[in-house]
Every structure is written in structure tokens, then in C-alpha cells.
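K.L.:
The structure under discussion is supplied below as C-alpha cells; questions concerning it will follow.
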Amino acid sequence: MVAVSRRQRNHERALATSSVLTGYYRDMYRPGMSMVSPKKVIRLLNDAKVRFVLMGTHGLSGWRSLPRATQDVDVLVAKRDHTKAVRVLREGFPKLVVEEGVIVTRFKDPQTDEPRIDLMRPLQKVYQIVFRHTEKMGTYLVPDLEMALISKFAAMVSPHRTKPRKIQDVADFADMVTHNQKTIDMAKVTRLAEQVSAGGKKEIVQLIDDILAGRPIQV
């Protein structure tokens with residue numbers, strides 16, 4: 001119980017810190033940019049009884065050594081609740097422009113056309129297993145440590161991800177590995193990696209070994 005409580009405090013502190021850092025960035029470099037509070041997104045979805053997992057930087061920051069800024073809130077929503085989640089967030093953030101996609105419903109800043117909220121559907125195999133591998137942090141769920149690593153691994157090997165984004169994914173993955181190396185369940189990581197791609201087990205083991213040995217990582 002004590003360990004879970006400590007993790008919850010870490011995640012809540014990381015969520016608050018990443019929100020503050022994003023606010024500093026907006027005020028210094030992007031005045032006028034729409035700001036979306038992850039806490040408001042969480043509250044709106046909880047009030048509507050939407051089943052969701054907080055993903056992306058906000059959801060994974062508690063597993064990092066230090067939080068970082070991000071401009072959007074990524075949420076994986078249960079298939080049956082997606083339409084309701086879109087409606088609730090439309091009402092809660094009426095100034096954002098909604099762009100419907102097959103995998104993601106994106107809420108964009110009307111001035112910059114940049115995403116502020118991504119509502120993800122669990123259509124890809126890796127996201128279909130997320131709900132079975134979560135930890136509750138107060139009023140919301142985040143991926144557990146092994147699922148957090150797998151979500152980054154999936155982004156790193158995706159053919160649809162741009163190289164600059166993959167470089168950030170590698171940095172996030174490496175930070176989570178080195179920060180949590182004593183508590184990673186490698187049997188679980190390798191099992192889940194096979195859900196991402198054939199040969200994923202071998203690839204992720206080599207990746208983690210390279211990170212811990214300080215060897216260069218190929219993107």
C-alpha cells in the first residue's frame with residue numbers, strides 16, 4: 001500500500017509539473033495559444049463516467065526521472081464511450097476545432113492548427129491491451145510501468161511516426177528504463193512486446209540492454 005501511495009504522489013506531482021512547464025512555454029514563446037489542462041479533461045471524463053486511460057507525456061511522466069512539457073493531452077477511451085467523450089469535451093472546450101479520424105479524434109487550436117487533445121480509439125493491437133495493464137492514480141488510470149514502456153516502444157517502431165518524434169520517444173523510453181531498471185518486470189515487457197510486432201521480444205530486450213550498457217541507440 002505504501003509503494004502504491006508513493007507512485008500515486010509521483011504521478012500527481014509529475015502531472016502538475018508538466019502542466020506548469022507547458023504554461024511557461026506558452027507564455028514565453030506562444031502567447032495566445034490555447035491551453036488545455038489535463039486535470040480538466042480528467043474531471044470532465046470522470047463526471048461523464050467515461051472509461052479512459054491517460055496516455056502520452058501526461059500519463060507517462062510519473063515513470064520518468066523528471067517530467068517534461070507537452071502541448072496536448074492524450075487519452076485512450078473505451079470504444080463504447082468514444083462518442084460520449086467527444087461530446088463532453090466539445091462542450092468543455094468549445095473553442096477547439098474537432099477533427100474526426102479513424103483512430104484519433106483530435107481537438108485542435110484554431111489559431112495554430114496544432115492538437116490539444118487526442119482521443120484515441122483502441123483499434124490498434126497494442127492499445128487494445130492497455131486497459132488490462134494500468135494503475136489507478138487517484139481519479140484516473142495510467143499505463144503501468146511495463147505498458148508505459150511498450151507504448152513508447154510501439155511508437156518507436158511505427159512506420160507512420162516521423163523521425164523527430166521517434167527521437168523523443170527513444171529519449172522517453174531510455175529515461176524510463178534507467179529510472180526504473182530495478183522494478184521492471186522483464187518477463188511482462190517481453191510478453192507484451194510480441195503484441196506490438198513479430199520479433200518484438202528480441203528487439204526490446206536488445207534495446208533495453210543497449211540503454212543500460214550505454215551503447216548508441218539506432219532510430
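The values are calculated or read from the model by the stated rules, or taken from the named source; none is laboratory data. Just so it is clear, the model here is predicted, and its values are computed rather than measured. Neighbour counts are summed over all protein chains in view; Cβ atoms, including those assigned to glycine, are modelled from backbone coordinates with ideal geometry. Calculation scope for accessible area: heavy atoms of the full protein, side chains included, ligands and nucleic acids excluded. Shrake-Rupley method; radii C 1.70, N 1.55, O 1.52, S 1.80 Å.
K.L.:
Quick check on the range 92-102. Is at least one of its residues in contact (Cβ under 8 Å) with a residue 24 or more places away in the chain and open to solvent by 80 Å² or more (accessible area, probe 1.4 Å)?
P.N.:
Yes, the conditions are met somewhere in the range 92-102.
K.L.:
Closer than 13 Å to Leu141 by Cα, more than 16 Å from the chain's Cα centre (by Cα) and open to solvent by less than 70 Å² (accessible area, probe 1.4 Å), is that true of Leu45?
P.N.:
yes
K.L.:
Does Asp169 satisfy being open to solvent by less than 50 Å² (accessible area, probe 1.4 Å), free of Cβ contacts under 8 Å to residues at least 12 places away in the same chain, on the phi < 0 side of the Ramachandran plot and assigned to a helix (DSSP H, G or I)?
P.N.:
No: the conditions fail for Asp169.
K.L.:
For Phe52, all conditions in the list (1) within 24 Å of Arg7 (Cα to Cα); (2) of a type in the set (Phe, Trp, Tyr); (3) over 15 Å from the mean Cα position of the chain (by Cα) hold save one; what is the number of the exception?
P.N.:
(3)
K.L.:
Look through the range 73-91, keep the residues that are open to solvent by less than 20 Å² (accessible area, probe 1.4 Å) and part of a helix (DSSP H, G or I), and return whichever of them is nearest to Arg26 (Cα to Cα).
P.N.:
The qualifying residue nearest to Arg26 (Cα to Cα) is Leu89.
K.L.:
Still on this model: Kindly check whether there is at least one residue in the range 146-166 that is in contact (Cβ under 8 Å) with a residue 40 or more places away in the chain, open to solvent by 20 Å² or more (accessible area, probe 1.4 Å), over 24 Å from Gln218 (Cβ atoms) and not in a strand (DSSP E or B).
P.N.:
no
K.L.:
Can you tell me which residue in the range 180-194 is least open to solvent (accessible area, probe 1.4 Å), limited to those that are not in a helix (DSSP H, G or I) and not hydroxyl-bearing (Ser, Thr, Tyr)?
P.N.:
Ile184
K.L.:
Now, a different point. Of the residues in the range 37-72, how many are among the hydrophobic types (A, V, I, L, M, F, W, C), touching a Ser or Thr at 6+ places or on another chain (Cβ under 9 Å) and not in a strand (DSSP E or B)?
P.N.:
4
K.L.:
Val77: under 25 Å from Asp113 (Cα atoms) and within 16 Å of the chain's Cα centre (by Cα), yes or no?
P.N.:
yes
K.L.:
Another one. Does Glu114 fit the bill of being surrounded by fewer than 18 Cβ atoms within 10 Å (Cβ to Cβ) and in contact (Cβ under 8 Å) with a residue 40 or more places away in the chain?
P.N.:
Against the criterion (surrounded by fewer than 18 Cβ atoms within 10 Å (Cβ to Cβ) and in contact (Cβ under 8 Å) with a residue 40 or more places away in the chain), Glu114 qualifies.
K.L.:
Find the residue count for the range 195-219, including only residues that are open to solvent by 80 Å² or more (accessible area, probe 1.4 Å) and without any contact (Cβ under 8 Å) to a residue 12 or more places away in the chain.
P.N.:
Residues that pass the stated criteria total 7.
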